[in-house]
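Asks: Below you'll find the structure I mean.
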Amino acid sequence: VVTTPFGSATLPQAFEYRVGPVPWATILELAPDPAVVVDASLRAAILATGLPWRVRDDASAVEMLLVPPGTFMMGCSASLQDACLPHEEPVHQVTLTRAFYLARHEVTQAEWTAVMGSNPSRFVAANGYPGSDERPVEQVSWNAAAKFMETTSLRLPTEAEWECACRAGTTTAFNDGSDDDATLGLLAWYATNSAAQTHTVGGKL
């Protein structure tokens, strides 16, 4: 049993826990908060990496969370309303052998502007959209995204990394463990509930 200020986790085997170096970031939390990472086996997998769970990238000020290595089923899971498309199948097993950090939220307009010096977004305060600093940056070209990554030494996640993180251990259509399309509004902004605009990051489950 590993005990931290945030709770305890029972591990399937013994291991040596060391906090690994992350010279590019400021450590915000060493161990996952059980109120956020509710699955005990996932908390144990995070602890087993020896890396801090929550950090802030020094070059971009982007907050990042650790995703531990593991195996998951990649590919579409149909919802009650929508079937899978042919290019989303077949579902297949994927193993990620290394832990990685992923931004907790989309890159905000404030984070983008601090690095790039300008803001290409449409949904800004000057256009009548308050709180734009905490809305995700948009209207970004591939070349601009590449420049942002080059400047900060960040990279985009692979498709497998993104799906592993987004699935959060689930095999259902939605990462709340449900196939019911009625739950989507709790998880995401989309055409029906967004009023055709972006919203402050972190406002959904």
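The values are calculated or read from the model by the stated rules, or taken from the named source; none is laboratory data. Only a predicted model underlies this, so the values are computations on that prediction, with no experimental measurement involved. Using ideal geometry, Cβ is built from the backbone for each residue, glycine included, and neighbour counts are taken over all protein chains shown. Only protein heavy atoms, including side chains, enter the accessible area calculation; ligands, DNA and RNA are left aside. Shrake-Rupley method; radii C 1.70, N 1.55, O 1.52, S 1.80 Å.
Asks: Among (1) -0.42, -0.88, -1.15, -1.37; (2) -0.32, -0.69, -0.92, -1.19; (3) -0.52, -1.00, -1.23, -1.39, find the value of log10 I(q)/I(0) by the Debye sum over Cα atoms at q = 0.09, 0.13, 0.15, 0.17 Å⁻¹ that was calculated from the structure presented, and write down its label.
Replies: Among (1) -0.42, -0.88, -1.15, -1.37; (2) -0.32, -0.69, -0.92, -1.19; (3) -0.52, -1.00, -1.23, -1.39, the one derived from this structure is (1).
Asks: Please compute the per residue accessible area over the chain with all protein chains in place, 1.4 Å probe, rounded to a whole number of Å².
Replies: About 59 Å² of surface per residue is accessible.
Asks: Need the full-extension length gain, Ile27 to Ala188, defined as separation in residues times 0.36 nm minus the C-alpha distance. One decimal, nm.
Replies: Extra length available between Ile27 and Ala188 comes to 55.2 nm.
Asks: For region 115-201, report the % of Cα-Cα distances exceeding 20 Å.
Replies: Above the 20 Å cut-off, region 115-201 has 54 percent of its Cα pairs.
Asks: Report the residue, chosen from Val36, Val140, Val124, that carries the largest GNM mean-square fluctuation when the chain is represented by alpha-carbon nodes joined by springs under 10 Å.
Replies: Largest GNM mean-square fluctuation: Val36.
Asks: Report the net charge of residues surrounding Ala182, where surrounding means a beta-carbon distance below 15 angstrom and charges are Lys +1, Arg +1, Asp -1, Glu -1.
Replies: Summing Lys and Arg as +1 and Asp and Glu as -1 gives -4.
Asks: For Val55, what charge total do you get from the other residues with a beta carbon under 12 Å from its beta carbon, if Lys and Arg give +1 and Asp and Glu give -1?
Replies: -1
Asks: Ok, one more. For the chain, build the charge dipole from Cβ charges (+1 Lys, Arg; -1 Asp, Glu) around the Cα centre, then report which of Pro136, Cys166, Met149 sits farthest towards its positive end.
Replies: Comparing the listed Cα positions along the dipole, Met149 ranks first.
Asks: Under the rule a/c < 1.5 gives rounded, and otherwise a/b versus b/c splits prolate from oblate, where does region 20-70 land using the Cα gyration tensor?
Replies: Since a/c reaches 1.5 and a/b is larger than b/c, the shape of region 20-70 is classed as prolate.
Asks: Still on this structure, I have one more. Sort Ser132, Ser118, Ser153 by heavy-atom solvent-accessible area, probe 1.4 angstrom, most to least.
Replies: Ser153, Ser118, Ser132
Asks: Shifting gears a bit: Would you look at the GNM of the chain, springs on alpha carbons closer than 10 Å, and say which of Leu66, Leu186, Leu102 moves the most?
Replies: Answer for the Gaussian network model of the chain: Leu186.
Asks: Pull the list of the chain cysteines that no other Cys approaches to under 4.7 Å, Cβ to Cβ.
Replies: Flagged as lacking a Cys partner: Cys164, Cys166.
Asks: Relative contact order for region 55-114: what is it in percent, counting Cα pairs under 8 Å that are at least 6 residues apart?
Replies: Value for region 55-114: 43 percent.
Asks: Would you look at the GNM of the chain, springs on alpha carbons closer than 10 Å, and say which of Leu156, Leu42, Leu85 moves the most?
Replies: Leu85
Asks: Run the numbers on the chain and let me know its relative contact order in percent, using alpha-carbon pairs under 8 Å that are six or more apart.
Replies: 16 percent
Asks: For the chain, which span is the longest to avoid every loop-located (per DSSP) member of trypsin sites (Lys or Arg not before Pro) having at most 15 other Cβ atoms inside 10 Å?
Replies: It runs 19-97.
Asks: Please get the size of the charge dipole for the chain, origin at its Cα centre, with Cβ charges of +1 on Lys and Arg and -1 on Asp and Glu, quoted in debye to the nearest 20.
Replies: 500 debye
Asks: While we're looking at this one, here's another question. Once the other residues with Cβ under 15 Å from the Cβ of Glu161 are scored (Lys, Arg +1; Asp, Glu -1), what is the net sum?
Replies: Around Glu161, the charge tally is +2.
Asks: For the chain, give the percent of accessible area contributed by carbon and sulfur heavy atoms, probe 1.4 Å, rounded to a whole number.
Replies: 56 percent
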